[in-house]
Amino acid sequence: MTIPSPAPQPGFWAATTMIAAIVLASTAGEVLTAAAMKSIGNLDEIRARCGLKGAIRAVLSCPLFFAGVSFLTLAFFALLFALNHMNLSLVAPASASLTLVTNAIAGKIFLKENVDRRRWAAAVLVCIGVYLLAH
Amino acid sequence: MAHARLSPRQYLILGLVSLCAPLGDTCLSRGMTNMPDITLAHPTTLITAVITPWIALGIALLIGFFASYLTALSWADLTFVLPATASGNVIVALFARFFLHETISLERWAGIVLITVGVGFVAQGPSLTEKQATPALADAADTVKEQTR
C-alpha cells in the first residue's frame with residue numbers, strides 16, 4: 001500500500017477555525033451529555049436493578065442525551081474534516097487540551113460542579129502536558 | 001452520594017475511556033490520510049469515509065469509549081472524568097517508545113510527567129460534587145421513606 005504524500009498544511013486562521021469548531025462542538029456535547037447522565041443516575045445501579053436493557057432504555061429516553069450526541073456528532077465530523085487537512089499530532093493535542101479548559105469553565109458555570117483548586121491545577125497541568133507531548 | 005474512593009470496576013471503566021479514545025483517534029487519522037482531499041463543496045465524501053476499514057475500526061473503538069464514558073459520567077463529575085482519563089496520551093506515548101522504539105524528546109517526557117501529576121492530583125480528590133437537596137426534593141424523599149416503612 002502506498003502512503004499518499006502529505007498535503008500542504010492550512011494557514012493559521014483556517015487551522016484555528018477548524019480547531020475552534022471541534023472545541024466548541026465537543027464542549028457543548030460533553031456538558032449536555034454529562035447533564036443527561038446526572039439526571040439519569042448511576043448506570044451501574046440501574047443495570048444491577050433493571051439489567052442492560054433497562055440501562056440502555058434509561059439513556060435513550062433522555063432528550064438531553066440526544067442533544068449532547070448531536071453536538072458530539074458535529075464535533076466528530078469537524079475532527080474528520082480537520083484530520084483531512086492537518087496532522088493528527090497537531091489536531092488531537094490542540095483540541096484535547098483546549099477542550100479540557102473550556103470544559104472546566106463550562107462544568108463550573110452550567111453543571112455547577114465544584115471545580116476546586118485541585119481540579120483547576122489538574123486541568124492546567126494536563127493541558128500543558130498534552131501540548132508538550134505534541135512537540 | 002459522593003464517591004471519594006472509586007471501586008476497582010470504576011477504575012477499569014476510566015481505564016477503558018483512557019485507552020479507547022487515543023487508539024480510536026489513531027485509526028481515524030490513518031484512515032483519513034489515505035483518503036483524497038475532502039472539500040466543503042463535496043461533504044458527502046465524509047459519509048463514504050465511514051465505511052473504510054481504518055475509519056470503521058476507529059469508530060468501533062470510539063463506540064467502546066463512548067459507552068465507558070457515559071458510565072463514568074453517571075457516577076463522576078465531568079471535570080473529574082476528563083483529567084482522570086488523560087493518561088491515555090501517556091499510554092500511547094509509552095507504547096510508541098517501548099514497542100515501536102520511537103524516540104521521545106525531553107519535551108515529551110516533560111509532558112508525560114505533567115499529565116501523570118495532573119491525573120494523580122485529580123484522582124485523589126472526590127469524584128462527585130455533593131448537591132444540597134432542595135426542600136421539595138427532601139420532602140418527597142421523606143414521604144417515600146414513610147411509605148416504605
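I'd like to know if the stretch A:107-114 contains one or more residues that are at the interface with chain B (Cβ under 9 Å from one of its Cβ atoms) and in a helix (DSSP H, G or I). Spell out the reasoning first.
Narrowing the stretch A:107-114 to residues at the interface with chain B (Cβ under 9 Å from one of its Cβ atoms): A:107-108, A:111-114.
Next, from what is left, pick out any that are in a helix (DSSP H, G or I): A:107-108.
Looking for residues that are at the interface with chain B (Cβ under 9 Å from one of its Cβ atoms) and in a helix (DSSP H, G or I), one finds at least one in the stretch A:107-114, hence yes.
Picking from A:Ala104, A:Ala82, which residue would you name as being under 21 Å from B:Leu73 (Cα atoms), touching a helix residue (DSSP H, G or I) at 6+ places or on another chain (Cβ under 7 Å) and surrounded by 19 or more Cβ atoms within 10 Å (Cβ to Cβ)?
On the way: A:Ala82 fails: under 21 Å from B:Leu73 (Cα atoms).
Exactly one residue qualifies, and that residue is A:Ala104.
Answer yes or no as to whether A:Ser26 is surrounded by fewer than 16 Cβ atoms within 10 Å (Cβ to Cβ), modelled with pLDDT of 90 or more and of a type in the set (Ser, Thr, Tyr). Spell out the reasoning first.
Numbers: surrounded by fewer than 16 Cβ atoms within 10 Å (Cβ to Cβ): no; modelled with pLDDT of 90 or more: yes; of a type in the set (Ser, Thr, Tyr): yes.
So A:Ser26 fails the test.
Return yes when A:Ser89 is crowded, with 22+ Cβ neighbours inside 10 Å, more than 7 Å from chain B (Cβ to nearest Cβ) and part of a helix (DSSP H, G or I) and no when it is not.
Working: crowded, with 22+ Cβ neighbours inside 10 Å: no; more than 7 Å from chain B (Cβ to nearest Cβ): yes; part of a helix (DSSP H, G or I): yes.
Spelling it out, it is not the case that A:Ser89 is crowded, with 22+ Cβ neighbours inside 10 Å, more than 7 Å from chain B (Cβ to nearest Cβ) and part of a helix (DSSP H, G or I).
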Handout entry: Of the criteria (1) facing chain B (nearest Cβ under 10 Å); (2) on the phi < 0 side of the Ramachandran plot, which one A:Thr73 fails
Key = (1)
Practice task
State whether one or more residues within the stretch A:103-113 are over 15 Å from B:Gly111 (Cα atoms), under 12 Å from the mean Cα position of the chain (by Cα) and β-branched (Val, Ile, Thr).
Solution key: no
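The values are calculated or read from the model by the stated rules, or taken from the named source; none is laboratory data. Because the structure is a prediction, the values reported are computed rather than measured. Cβ atoms come from the backbone with ideal geometry, glycine included; neighbour counts cover every protein chain shown.
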